[in-house]
Amino acid sequence: MANSWSANSWRQYPAQQQANYPNPSALAETAANLAAAPALVSYEECQLLKAQLAKACNGEAFLLQGGDCAETFDAFSQQSILSTFKILLQMAIVLTQGAGKPVVKVGRIAGQFAKPRSSDTETINGISLPSFRGDMINGLAFDAKSREPDPTRLTQCYFQSAATLNLLRSQASSGTASLDHVQAWNEGFIERSALAAQYSVIAAQVKASLDFMAACGIRNQNDSALSRIDFFTSHEALHLEYENALMRQHHDRHFISSGHMLWIGDRTRQLDGAHVEMLSGVDNPIGLKVGPSMEPDELIQLIEKLNPHNEAGKLTLITRMGADKIAQILPPLVQRVTQAGAKVVWSSDPMHGNTHSSSTGLKTRSFDRILSEVRQFLAIHKAEGTHAGGVHLEMTGQHVTECIGGLSDLRDEDLPHRYQTACDPRLNADQVLEMAFILADELNA
Ligand code: PEP
Ligand code: MN
């Protein structure tokens, strides 16, 4: 099957979760324009990420992947991008220090605009309209016009992703994200948090090490390894026309230039489906969500299709079982993959199996259950002798109130204060930093 892959072979396979465009020729025209537009990321950058993930595969690095459940046009701002970027870097510092290994930093950002839905339609007060599928497809407002899939949104996603990447690249390369600034990031940012003191200690240790290295003449301010960082982007490759339009050729290889790492969602991971077919032939690092219904043999077949050459760093398995299921479901999968000798990065998404309705009806997640899934994930890999290679979180650097629990003990009644997500509930800055400290401790153990 791998031999018959082409940039368009996915069209012969059934595609789940695709919107019904009322005007297909308008969609084709937009896709043609995007196909002629510049790549958002380069082939070389994708290979660099793959090389870093290969280290996570061997237990020599740890993957930190996180960001919004869904990016939106409305929440597009410098402040929102920077808050996610900064908190990811702060977590990375904490994790690097705890785990004693490099942290591979990947945002769910600059392309995360399309959402799978459990139903094609939504009914309110007897009126049925197409479900909201993310800003890449249609609008959230519950009226017929806004819910109609509109291809011009693809173009808007492309340009918003380009602007987001532009800011991320400038931050990552200009020294703003350098280790010399780890202390400054604390200013006006998390000092009100109970975790600030703990972070300050680590920041001071990093600063002291840098000063020591400078005093010994081992480094100077311009050392690029310390003054610039690698930061990568990722999103769910859900909208096949969009991803296809941004597919590019590099010599005789193909890659998707909409983001560095692309993942296949739990709802679109059918072995004979169009999403798996498309991603099986591109050279990007790929993520595969692995939910509780995954069978060991099915997983092996997916791995063989997605990573036929068993290349380390190519495939990340993002398990999202739920805190009450992981102990039963993950070990047989890990054993089967190990037995097959498949090289994968095992990452934990402790978010998607742990969503529930709060007493006020808002969709939420509890910090304790999220933590419980991550802890079990680490313990299972320890017991199996495999590497717990990373985490995948829905999070923001802003002080939203979407998930309950954590040190500030958010409760159901607090949720409406700053419930801002366009889709699933995210951990806020304090909760996610607390998670990083706990993870760092566990990884250190
Ligand atoms: C997501 O990551 O937002 C998502 C929809 O996850 P999953 O495919 O694992 O349900
Ligand atoms: Mn989500």
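Worth pointing out:
- For the range 1-90: rounded, prolate or oblate by the Cα gyration tensor [a/c cutoff 1.5]: oblate
- Solvent-accessible area of PHE159 with every protein chain in place, 1.4 Å probe, in Å² to the nearest 10: 130 Å²
- Take the convex hull of the alpha carbons in the range 282-333; its mean projected area over all directions comes to 3.7 nm².
- Average Cα contact separation per residue, the range 89-182, under 8 Å, 6 or more apart, as relative contact order %: 21 percent
- Solvent-accessible area of TYR43 with every protein chain in place, 1.4 Å probe, in Å² to the nearest 10: 30 Å²
- Gain in span if fully extended, THR152 to ASP324, counting 0.36 nm per residue against the direct Cα distance: 57.7 nm
- If both residues of a DSSP beta bridge must be in the chain, then about 25% of such bridges are antiparallel.
- Once C-alpha pairs closer than 8 Å and six or more residues apart are averaged by separation and normalised to the residue number of the chain, the relative contact order reads 22 percent.
- Kirkwood Rh, Cα atoms: Rg over Rh of the range 294-445: 1.02
- Carbon + sulfur, % of accessible area of the chain - ligands and nucleic acids excluded, 1.4 Å: 50 percent
- Subset of LYS105/LYS343; LYS55/LYS207; LYS50/LYS289; LYS50/LYS207; LYS50/LYS382 violating a 22 Å alpha-carbon distance limit: LYS55/LYS207; LYS50/LYS207; LYS50/LYS382
- Gyration tensor verdict on the range 126-180 (Cα atoms; rounded if a/c is under 1.5, prolate if a/b is larger than b/c, oblate otherwise): prolate
- Computed over protein heavy atoms with a 1.4 Å probe, the accessible surface of the range 263-417 works out to 35 Å² per residue.
- Structure-based [θ]222 nm, the chain - -39500 (n - 2.57) summed over DSSP H runs of at least 4, per residue, nearest 500: -12500 deg cm²/dmol
- Residues of the range 143-180 falling in the label zone of ASN125, defined by backbone nitrogen less than 12 Å from a point 7 Å along Cα to beta-carbon, are 143.
- For the range 59-99, accessible area per residue (1.4 Å probe, heavy atoms of protein chains only), Å²: 29 Å²
- Rg over Rh, two decimals, the chain (C-alpha only, Kirkwood Rh): 0.95
- By a 1.4 Å probe calculation restricted to protein chains, LYS50 has an accessible surface near 10 Å², given to the nearest 10.
The values are calculated or read from the model by the stated rules, or taken from the named source; none is laboratory data. Computed from a predicted model, the values in this text were never measured in an experiment. Positions of Cβ are backbone-derived with ideal geometry, glycine not excepted, and every protein chain shown enters the neighbour counts. For the accessible areas, the whole protein counts, side chains as well, though only heavy atoms, and no ligand, DNA or RNA atoms are used. Shrake-Rupley method; radii C 1.70, N 1.55, O 1.52, S 1.80 Å.
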